[in-house]
Amino acid sequence: MCGIFGCYLKRPLTDHDIGLCEKGLSMLTHRGPDDSGTWYDQKRGVFLGHRRLSIIDLSEDASQPMSFKQNRISYNGEIYNFPSLKSRLQGLGYSFSTTSDTEILLKGWHAWGKNLLNELDGMFAFCLWDGEQLAIATDCFGEKPLYYTQTQDGIYFSSELEPLWSILKTDPSISAESLTAFLLMGYIPAPKTAFKNTYKLPAAHTLFIKDGICAPTQQYWSIPPPKRTSKKPSPLSESELNTLRDSLVESIEGRLISDVPLCLFLSAGVDSPLVAALVRHELGIRPQCLTVSFSKGNVVNEAPLARSIADHLGLDFFEITSEDDSTYIGPNGALSLFGQPNDNITAISCYQVSKAAAHHFKVALTGMGGDEVFYGYSKHSFIYTKRKQYALPDSIKKCWSTIKNGVRTRKDLSTFDALINVKPYEVYPAIKNSHCLEWIRSVPGYKSWVQNEFENSEAPEHFVPRYELSTVIQNSHLPAFDHGSMRAGFELRTPFLSRSLVKTVSRIAPERLLAFGQKEPLRRLLHRYVPDNLIEKRKLGFINPSDQFTQGVDFTTFHIPGLDADLIRRAWNNRTTNKAYSRICTRLLLLNTFFKTHGVN
């Protein structure tokens, strides 16, 4: 787990270019406080920089950038199946001087080229120079970010956005469609960013650069489509549950490899307790479990139930109180973590959790991804239970609009009214913003972006979970995990985000995962190890309190290019009516702060 920064220019490097890249690399020290390294070919215009957080093979021999023959690599992440890849490469005649996964990645690329990407189980972003061209790549789910800026001189790339816009003096630029996407979703979807000529390489993509010029990006993997069935859904059999268990155990086992202290972030939910139970009972390992409580804010304390789970499993448990660190509280802090507007302020609590845990450990397992892989969010269940209504002909939906005033007497009818009277491509936007959809529709660029993003023939109960696993997670949740934890120099690992596990789940009809309750298969697995009274019915998790984030803000002074003052005022006046408008106001706050910070009037 590290930070990378570099460039590939169309001309030879000057001393100024080298100094610029060294400055960009130094801005990533928090990602890799243990070591720093650079390699460059001045004549070819290539610079590779690396900041190291030492996790596997702590020796200097495993430092980066690492070289083999003509290949040079700077790499951020972990390859969990590197022992098996190492055996295959040894069978091809390769020898190894380290026990690091970096050397396996470097020599695997030498042996198989870009086909190596289809063999990897891991989280990664890397840049590799082969003497003729530069390849940059990201992992299947987007756990490790990589940004790049195209200039007249060539390409600069970085693990984070801030070093790019800071040293290159890049102007902010948010298109009308990106503005709509941010106000609706809370993030700017990759590959776009909030800066001119600056992009984020999407998950499971590669980019090849030659002579400082980028070729079109290539996608090497995609989320497998779910199995379709017309049969009445039935619960998974015990044999099918065993298959899921075995796939998850395999994923966990690889993610336990570490040469530094490793713990498990344990909450009072389903996902992380299941990981803890499988580590303990299926792998015979006793990880130390951590739960972090916050001294301020309206965050539910999960420690008592988490402690009970750990005690039942026979695991050591520590409760750590997050230090009173206000460094990243508020919009400026969130913008510092992400480098651009992103409303997933879980990044702030993730930073606080990681900072507290870093006093004792360097790596933690988490339950991140369980909701996405196993259709675990409440919206997934809601869409499934309302699927027949969503499938009604437009004529009946229009009829509902004419009679709704006479029947709106129950809360569920009111909610139903707010969601059914929408176009098919508005189902997901309506669910995300169910009580402020009319406001969202007033945003310039709304219709074109929403139609382009969501218009398809797939049933909502199938499309929404797949969209969240393929798109939302890489733009919102995983950046919050990465930027929050790595700001504290701490590594988080996610056993649920495994290609093999996702492939296994894709063979199960979605209806069988949805019809019997949220994450019913995972709950049944957890019941094998933990009694029912210790399984929380509704998990809240590590959520930073938004009351600290927006307290005392005067929205009437906002100036956001592309939005008129009346639209901003309407949102502000409704900020206390429901959570949807509260989220909109948080996004407006981030946008206003972003433009103000960058001198846009």
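The values are calculated or read from the model by the stated rules, or taken from the named source; none is laboratory data. Source: prediction; values computed, not measured. Please note: Cβ atoms are built from the backbone with ideal geometry, for glycine as well, and neighbour counts cover all protein chains shown.
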Subject >> Search result, residues across region 434-450 that are at pLDDT 85 or above and outside any helix (DSSP H, G or I) >> reply: Cys436, Ser442, Val443, Pro444, Gly445
Subject >> Residue count for region 148-200, restricted to those that are assigned to a helix (DSSP H, G or I) and touching a Phe, Trp or Tyr at 6+ places or on another chain (Cβ under 7 Å) >> reply: 7
**OP:** Could you tell me whether Phe490 is of a type in the set (Phe, Trp, Tyr), surrounded by 22 or more Cβ atoms within 10 Å (Cβ to Cβ) and in contact (Cβ under 8 Å) with a residue 24 or more places away in the chain?
**Re:** yes
Subject >> Restricting region 224-265 to residues that are β-branched (Val, Ile, Thr) and assigned by TED's automatic domain parsing to the domain that holds Leu514, the residue that is farthest from Leu58 (Cα to Cα) >> reply: Thr243
Original post:
Considering Leu501, Leu526, which residue is more than 21 Å from the chain's Cα centre (by Cα) and under 30 Å from Gly254 (Cβ atoms)?
Top reply: Leu526
Subject >> Per-region count, region 434-452, residues aromatic (Phe, Trp, Tyr) and either closer than 17 Å to Tyr187 by Cα or crowded, with 20+ Cβ neighbours inside 10 Å (or both) >> reply: 2
Original post:
When region 122-167 is examined, which residues are found to be free of Cβ contacts under 8 Å to residues at least 60 places away in the same chain and of a type in the set (A, V, I, L, M, F, W, C)?
Top reply: Phe124, Leu128
Subject >> Yes/no for Thr193 being closer than 26 Å to His30 by Cβ, of a type in the set (Val, Ile, Thr), touching a Gly at 6+ places or on another chain (Cβ under 9 Å) and buried (at least 24 other Cβ atoms within 10 Å of the Cβ) >> reply: yes
Subject >> Filter result (among the hydroxyl-bearing types (Ser, Thr, Tyr) and out of contact with any helix residue (DSSP H, G or I) (no Cβ under 8 Å at 6 or more places or on another chain)) within region 179-200 >> reply: Thr193, Tyr199
Subject >> Scope region 491-519; condition touching a Leu at 6+ places or on another chain (Cβ under 9 Å), at pLDDT below 95 and within 14 Å of Asp271 (Cα to Cα); matching residues >> reply: Lys519
Original post:
Counting only residues that are part of a loop (DSSP other than H, G, I, E, B) and at pLDDT 90 or above, which one in region 268-313 is nearest to Val530 (Cα to Cα)?
Top reply: Val270
Subject >> Single residue of Ile209, Ile252 found to be in contact with a helix residue (DSSP H, G or I) (Cβ under 8 Å, 6 or more places away or on another chain) and either β-branched (Val, Ile, Thr) or surrounded by fewer than 17 Cβ atoms within 10 Å (Cβ to Cβ) (or both) >> reply: Ile252
Subject >> Hits in region 210-260 - residues which are free of Cβ contacts under 8 Å to residues at least 24 places away in the same chain, of a type in the set (Gly, Ala, Ser) and in a loop (DSSP other than H, G, I, E, B) >> reply: Ala215, Ser230, Ser237
**OP:** Residues being assigned to a loop (DSSP other than H, G, I, E, B) and either surrounded by fewer than 20 Cβ atoms within 10 Å (Cβ to Cβ) or of a type in the set (Gly, Ala, Ser) (or both): count how many of those fall in region 82-141.
**Re:** 13
**OP:** Inspect all residues belonging to region 510-530 and state whether any of them is of a type in the set (Gly, Ala, Ser) and closer than 30 Å to Gln219 by Cα.
**Re:** no
Subject >> Number of positions in region 319-369 that are under 22 Å from Glu78 (Cβ atoms), under 15 Å from the mean Cα position of the chain (by Cα), in a loop (DSSP other than H, G, I, E, B) and of a type outside the set (A, V, I, L, M, F, W, C) >> reply: 3
